[in-house]
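Okay, so here's the structure we're looking at.
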Amino acid sequence: MYKLKFLGKALDDLKRIDRAQQKIIKAKLMMLAKNPEALKNNIKRIGRAEDHLYRLRTGNYRVIFKKDKDQFVIIIVRIGHRKEIYVKVNMP
């Protein structure tokens, strides 16, 4: 089981989303922490190879995260609507 760690901006992003969607995102993150393989159809590697960034699809929202397999930690970088999240993370 992985431990979830939120960066400050990710927590701010989550607070701006309506409560119903927050519950869905939190449930998906708990599933991700327990067993990342269960959500493999919703996870995709993004950005350059050296960034090691992934995105988790949750409806119209995306969770951008990094995974540290050695320490079993998932670092949540940003959360946002699919139309604007990639601009916030500076994706090409």
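Can you tell me how much longer the chain between Lys69 and Lys26 gets when fully stretched, taken as 0.36 nm per residue apart minus their C-alpha distance, in nm with one decimal? If you can, show how the numbers build up before the last one.
Values: separation 43, 0.36 × 43 = 15.48 nm, distance 2.09 nm.
Stretched fully, the Lys69-Lys26 segment lengthens by 13.4 nm.
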(message) Would any residue of segment 57-74 have its amide N under 14 Å from a label point 7 Å out along Cα→Cβ of Lys3? List them or say none.
(response) 68-74
(request) Please figure out what share of the DSSP beta bridges in the chain is antiparallel and state it in percent, rounded to the nearest 5. (result) 80
(message) Contact order normalised by length for the chain, with contacts defined as Cα pairs under 8 Å and 6 or more residues apart; what percent is it?
(response) 31
(message) Give the separation of the Cα centroids, segment 67-86 to segment 10-32, in Å.
(response) 12
(request) Give me the compactness ratio for the chain, meaning the Cα radius of gyration over 2.2 N^0.38 Å. (result) 0.99
(request) Skip the ligands, DNA and RNA, and give the accessible area per residue of the chain with a 1.4 Å probe, whole Å². (result) 66
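From the alpha carbon gyration tensor of segment 39-87, can you work out the equivalent ellipsoid semi-axes (sqrt of 5 times each eigenvalue) and give them in Å, largest to smallest?
Calculated on Cα positions only, the semi-axes equal 18, 12, 10 Å.
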(message) Distance cut-off 24 Å, Cα to Cα: go down the list Lys67/Lys88; Lys40/Lys67; Lys34/Lys88; Lys15/Lys69; Lys15/Lys40 and report the pairs above it.
(response) Lys34/Lys88; Lys15/Lys69; Lys15/Lys40
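The values are calculated or read from the model by the stated rules, or taken from the named source; none is laboratory data. Quantities reported herein were computed from a predicted structural model and do not represent experimental measurements. All Cβ positions, even for glycine, are placed from backbone atoms using ideal geometry, and neighbour counts span all protein chains on display. Ligands, DNA and RNA are stripped out before the accessible areas are found, and what is left, the full protein with its side chains, is counted by its heavy atoms. Shrake-Rupley method; radii C 1.70, N 1.55, O 1.52, S 1.80 Å.
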